[in-house]
Amino acid sequence: MPKLKLPAPPLPDRLNPRPKRPGSTKTKPLAEAGISAIDWVDERTSLSQGARWMMFRKIPKGTNWFYTLGSATLFAFLSQTVTGVFLAMYYRPDAAGGAYESVRYITNEVFLGEFVRGMHKWGSSVMVILIFLHMARTFFFGAYKYPRELNWVIGVALLVLTMAMSFTGYLLPFDQRSYWATIVGVNINGTGPFVGPYLSDFLRAGPEFGATTLARFYAIHMLLIPGILAALIGAHLYLVAKLGTTAPPWIKADDPVQKEEKA
Amino acid sequence: MNQREKEEYLREFALLKQQGKPFFPYSVAKDGAMAVIVMLSIILMALVLGAELGPKADPTTTTYSPRPEWYYFFLFELLKIIKPANLVPLATIGVPTICMILLFLLPFYDRNPERRPERRPVATAAGIFTIIAMGYLTYLGASAGSPTQIDMETPPQIVAQGGPMLEQFETGKQVVAQSGCEACHKFGENGNDGPGPPLTDIASRLPKQAIARTLINPTAPMPSFKALQANEPEKFDAMVTFLSQLK
Ligand code: HEM
């Protein structure tokens, strides 16, 4: 007898599984095996509790399509992760020519290489557009107000990190455009107040744009920032589930007292 | 927000939540539909637009356009608007830093409990203004381009001198035109007016030596052309000669 009980999804009756006929001995061995394996894990981790908490929490009345922008951003991030892993299988951060050569190889030789590179490149634009739209939504809906202030702050950090991803990634193909644009970009950074010069030195791995700069950008682009980004997205989503998403600001709850009187 | 307003909000929110629908399957279905749209857009763009790879990076070379990814255009355009040299640091990181701090602290200085956009005129107006400004700057950046041509007439006294001087001048004009200087400088009718000063009559402001020094050791954000000087001194000299004749 499975211990795992999820509440029945609120589907139309027709779609819900029928109860067994009394006296029927038909069993589904495959389904039973699956459920008992899940049970085994659940008995030791109580993961189903978390899943239930996440999936069956109620979403306030009036929630509309604008509320899909956050998860769309998340999806774009996942797409970047997957395509990025494939690119990393071929990419070499070698400023002496290996980097450019490896990107050329990906683009011209590898099966579907240009397609995956294109997905990664345009995916970054899509993610930036979506993150700005998501931010605009939370701004105009006043969703950053009590009790979601911290989630806004985490969100701004996510925005900065996303822009930093694009900045560090732009150098990696190591063609003329990316090389010179990044030099100018790092120089612009260097004019910033207080930390500006230090940040530039850190990015360049020294006072001059040199051979180690590319390797440093690569490490930042594929290890440092994605790690922080993933952790912060986790915190962001935890707070979303814990606090609940806002209802659109113009939606009012039905008065429970009036409702009872009517009933 | 004071304690009473907080409690009021939480009570109202609890009711709204009670009257809402479960995340699964309603929101999951919407989010899934959106994910499909996102995926299809990315695939479509990858198929139609592809992923180009320009010529290999070369610190000494001359044909490049220092253009960032399009969503950084607005920052670059900001540089052009705030031009005086002593204000450049302010424009480059100063304004973005201030904007970032304002953005981070938004929930702490906007303590108005009202959430409807039409009843928060200041916040809504500021938001719309930011969107329009960023959109406009991005548009400017996208249409600015990075010209690689200088149409300035060769001055008559140089034509009259002829010989090596004329040759150096013409070579220099080409090198400058192809070195991306026009992304930041204006030469006569060509190039962008900023972030750097117009160079149409640079020689009346700077002696030749100083021009060469600026190219080797410039103030940020201008990139250094030290590598060009080290590897292809003729080109570098031609560039300096050309600039030192612009009066
Ligand atoms: C990697 C980037 C991000 C991801 C993956 C992400 C994901 C999400 C998701 C899935 C939600 C649930 C509700 C919804 O979709 O609206 C959400 C809510 C929220 N996000 Fe983000 N987000 C990101 C960036 C940001 C940014 C840049 C901000 C603002 C500066 C922000 C502020 C918020 C706020 C305040 C909420 C609560 C909205 C509400 O309760 O109505 N997020 N986020």
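Taking other C-beta atoms within 10 Å as the exposure proxy, A:Leu30, A:Leu171 rank A:Leu30, A:Leu171 from fewest upward. Enclosing the Cα atoms of chain B in their convex hull gives a volume equal to 187 cubic angstrom per residue.
The charge dipole of the range A:65-243, taken about its Cα centre with unit charges on the Cβ atoms of Lys, Arg (+1), Asp and Glu (-1) only, comes to about 500 debye.
As a calculated quantity, the FRET efficiency between B:Ala142 and A:Asp255 at R0 = 45 Å, using C-beta atoms, amounts to about 0.30. Distance between the 7 Å Cα→Cβ label points at B:Thr130 and A:Val240: 1.9 nm.
When trypsin sites (Lys or Arg not before Pro) are flagged only if DSSP places them in a loop and at most 15 other Cβ atoms lie within 10 Å, the longest unflagged stretch of chain A comes out as A:27-251. Look at the dipole of chain B built from charges on Cβ: of B:Gln3, B:Leu105, B:Leu53, the Cα furthest out on the positive end belongs to B:Gln3. Can you classify the range A:72-230 as rounded, prolate or oblate using the Cα gyration tensor, where a ≥ b ≥ c are the square roots of its eigenvalues, rounded means a/c under 1.5, and otherwise it's prolate if a/b beats b/c and oblate if not? Oblate shape, in that a/c is at least 1.5 and b/c is the bigger or equal ratio.
With bins 10 Å wide beginning at 0, the percent of Cα pairs of the protein assembly as shown falling in each bin runs 3, 15, 22, 21, 16, 10, 6, 3, 2, 1, 0, 0. Using just its DSSP H runs of length 4 or more, each adding -39500 (n - 2.57), the protein assembly as shown gives a mean residue ellipticity at 222 nm of -19000 deg cm²/dmol after division by all residues. With neighbour counts taken as other beta-carbon atoms within 10 Å, the residues B:Tyr9, A:Tyr179 rank, fewest first, as B:Tyr9, A:Tyr179. What chymotrypsin sites (Phe, Trp or Tyr not before Pro) in the range A:110-161 are in a loop by DSSP, with at most 10 other Cβ atoms within 10 Å of the Cβ? Sparse-neighbourhood loop chymotrypsin sites (Phe, Trp or Tyr not before Pro): A:Phe111.
Could you tell me whether the range B:90-232 comes out rounded, prolate or oblate from its Cα gyration tensor? Rule is a ≥ b ≥ c as square roots of the eigenvalues, rounded for a/c under 1.5, then prolate if a/b exceeds b/c, otherwise oblate. Since a/c reaches 1.5 and a/b is larger than b/c, the shape of the range B:90-232 is classed as prolate.
The overall shape of the range B:1-53 is oblate: from the C-alpha gyration tensor, with semi-axes ordered a ≥ b ≥ c, the ratio a/c is 1.5 or greater and a/b is no larger than b/c. Dipole size of the range B:1-53 about its Cα centre, with +1 on Lys/Arg Cβ and -1 on Asp/Glu Cβ: approximately 240 debye, rounded to the nearest 20. For the listed residue pairs A:Lys20/B:Lys21; A:Lys145/B:Lys80; A:Lys20/B:Lys17; B:Lys56/B:Lys186; A:Lys252/B:Lys30, the alpha carbons are over 32 angstrom apart in A:Lys145/B:Lys80; A:Lys20/B:Lys17. The B:Glu114 and B:Asn231 beta-carbon pair, evaluated with R₀ = 56 Å, returns a calculated FRET efficiency of approximately 0.35. One decimal place: the segment A:Thr212-A:Ala231 gains 4.1 nm when fully extended, by the rule 0.36 nm per residue minus the C-alpha distance. For the range A:97-186, the list of GluC sites (Glu not before Pro) that fall in a loop by DSSP and count at most 15 other C-beta atoms within 10 angstrom reads A:Glu109. Under a Gaussian network description of chain A, with springs only between Cα atoms under 10 Å, the residue in A:Thr27, A:Thr162, A:Thr246 that fluctuates furthest is A:Thr27. Taking the charge dipole of the protein assembly as shown about its Cα centre, with +1 at Lys and Arg Cβ atoms and -1 at Asp and Glu Cβ atoms, the residue from A:Val85, A:Tyr105, B:Ala14 reaching farthest to the positive side is B:Ala14.
Dividing the mean sequence gap of close Cα pairs (under 8 Å, 6+ apart) by how many residues chain B holds gives a relative contact order of 21 percent. Taking the C-alpha atoms only, the angle from helix A:98-108 to the longest principal axis of chain A is near 50 degrees.
Only helices reaching 15 angstrom along their own axis (Cα) with mean Kyte-Doolittle hydropathy no lower than 0.5 count here, and for the DSSP H runs of chain B these are B:28-49, B:121-144. Multiplying each eigenvalue of the alpha-carbon gyration tensor of the range B:156-243 by 5 and taking the square root yields semi-axes of 20, 16, 12 Å, largest first, rounded to whole angstroms.
Approximating the spin labels as points 7 Å out from Cα along Cα→Cβ, the B:Lys247-to-B:Ala210 distance works out to 1.6 nm.
Quick note: the coordinates plus some simple rules give every number you see, no bench work behind them. Just so we're clear, the structure is a prediction, and the values are computed from it rather than from any experiment. So basically every Cβ, Gly included, is an ideal-geometry build from the backbone, and we count neighbours across all protein chains shown.
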